[in-house]
Every structure is written in structure tokens, then in C-alpha cells.
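For reference, the structure is listed below as C-alpha cells.
The values are calculated or read from the model by the stated rules, or taken from the named source; none is laboratory data. Everything quoted here is computed from the prediction, not taken from an experiment. All Cβ positions, even for glycine, are placed from backbone atoms using ideal geometry, and neighbour counts span all protein chains on display. In case anyone asks, the SASA skips ligands and DNA or RNA and just uses the protein heavy atoms, side chains included. Shrake-Rupley method; radii C 1.70, N 1.55, O 1.52, S 1.80 Å.
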Amino acid sequence: MGTMALNFTLGFVRHNDQFLMLFRNKPPNQYKWNGVGGKIEHGESPHEAMVREIREESGIVVDDVYFRGIVTWQNRRQTYVGGMYVFVADSPTDRFVAGEEGKLQWKTLDWIINSGKAVSNIPIFLPPMLDEDQRPLHYSFLYDDRGNIQSYGIKPVAESILTSQQSADKRGTFQSR
């Protein structure tokens with residue numbers, strides 16, 4: 001696979017020991033629980049897009065978002081390819097306002113990993129991304145034509161992506177807290 005555009009963001013908003021999850025009412029990932037996020041607009045950094053998406057989809061205003069890695073995907077015929085920057089943010093409140101994307105609920109990490117109701121790749125990439133000592137990683141998923149994960153790979157995030165995201169992170173580190 002060559003260079004892939006990373007056009008989307010995905011965020012996991014944390015309050016205490018729970019994460020704000022969105023039950024998507026439209027494709028992709030319709031009828032599955034996911035983090036909040038969306039398309040990066042023209043002229044917007046991934047960091048800016050994530051802060052905006054959290055506000056638009058939940059009404060929550062976060063001080064900052066912390067880059068934790070990237071996720072890319074493709075199917076065998078390469079007719080379905082894409083990628084996203086993944087962030088974690090700490091919410092100052094447990095109150096939210098659901099938007100047009102679907103209903104929102106706070107879920108525990110255990111529920112996200114074990115319920116079988118979250119998007120299928122989240123239990124694979126989210127737990128390591130929450131490890132404060134873990135360098136951001138690139139998770140690449142290969143899907144069959146029915147949307148089932150066939151295989152996945154994990155490698156360090158490319159240095160160019162790492163550098164650009166580190167400069168956007170006010171703390172200058174990649175710790176998630």
C-alpha cells in the first residue's frame with residue numbers, strides 16, 4: 001500500500017473511568033458504538049478538527065486533545081481505503097448534548113472491549129493507545145468484502161506524522177493524561 005490520505009479524526013473523550021461513545025445511526029459503522037470524530041475540513045489541522053468534532057457531536061468543549069496514533073484500513077481489492085488520526089481527550093464534565101450522528105452514552109473500557117457492540121477494530125487499538133508510556137502507533141487493518149477484519153499490523157507512527165502532531169500537543173509529550 002502506498003501513501004494513504006488521513007482524512008478523518010476519531011476521539012475518545014474520557015471522564016473519570018468512562019468514555020463517551022456514539023451509537024452511529026448512519027454508515028459507516030451504522031448500529032455500532034464508536035468514538036466521536038469526522039472529516040478534517042480544508043485548512044484545518046487534525047488537532048483542530050478533533051476539538052471541533054467533539055464540540056459538534058457532544059457539546060463538550062475540551063481544553064486539548066492528545067494524539068495517540070493512526071488507524072488505516074483497506075479491503076483486498078483496495079476499493080475501500082482510508083485513514084484517521086486517533087486522539088484522547090479528558091472531559092471536564094459528564095454532561096453532553098447528542099447531535100445528529102446518533103445517541104451518546106458513557107461506557108467503561110471493559111464494555112468497549114468485551115461487549116461486541118463497538119466497531120470491531122476498537123478493542124484492538126484503543127487499549128494500547130491509552131497506555132501513557134506507549135509511543136503512538138499505526139494500526140493498519142485489512143478487511144474482507146463483508147467488512148470483517150482479515151488481518152492487521154502494528155508499527156510506529158511515521159516520524160513526519162509524529163513530529164507534526166507533537167508540535168500541536170501543548171504539553172509536548174504523548175502521554176494521554
For Y152 the rounded accessible area (nearest 10 Å², probe 1.4 Å, non-protein molecules ignored) is 110
Computed over the chain, the relative contact order (Cα-Cα under 8 Å, seq sep at least six) in percent reads 25
Over the chain, the sum of -39500 (n - 2.57) across DSSP H runs of at least four, divided by residue number and rounded to 500 deg cm²/dmol, gives at 222 nm -6000 deg cm²/dmol
Heavy-atom accessible area of segment 27-123 with neighbours in place, 1.4 angstrom probe: carbon+sulfur share in percent works out to 49
Taking a probe of 1.4 Å and leaving out DNA, RNA and ligands, the chain shows per residue an accessible area in Å² of 52
Karplus-derived 3J(HN,Hα) from phi for segment 102-114 (6.51 cos²θ - 1.76 cosθ + 1.60, θ = phi - 60°), whole Hz, x at Gly and Pro, runs x, 7, 10, 8, 7, 10, 6, 4, 4, 5, 4, 6, 10
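Mind ranking V97, V81 by accessible surface for me, highest first, 1.4 Å probe?
Largest accessible area first, the residues go V97, V81.
Looking at segment 1-143, how many pairs of lysines come closer than 12 Å at the Cα, when each pair is eight or more places apart or spans two chains? Write down the numbers at each step before the final one.
Details: K26/K103; K32/K103; K32/K117; K107/K117.
Step by step, the pairs that qualify in segment 1-143 add up to 4.
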Expressed in nanometres to one decimal, the distance between label points 7 Å along Cα→Cβ at E44 and E132 is 3.0
Amide H proximity to N7 below 5 Å, modelled H, separation 5+ or other chain, gives G83
In the list (i) 43, 35, 32; (ii) 69, 38, 29; (iii) 74, 43, 29, the entry giving Cα extents along the principal axes in Å computed from the coordinates is (i)
Ignoring ligands and nucleic acids, R52 exposes an accessible area, probe 1.4 Å, in Å² to the nearest 10, of 20
Most fluctuating of S164, S58, S120 in the GNM of the chain (C-alpha, under 10 Å) is S164
Rounded to the nearest 10 Å², the accessible area of D64 using a 1.4 Å probe with every protein chain kept is 10
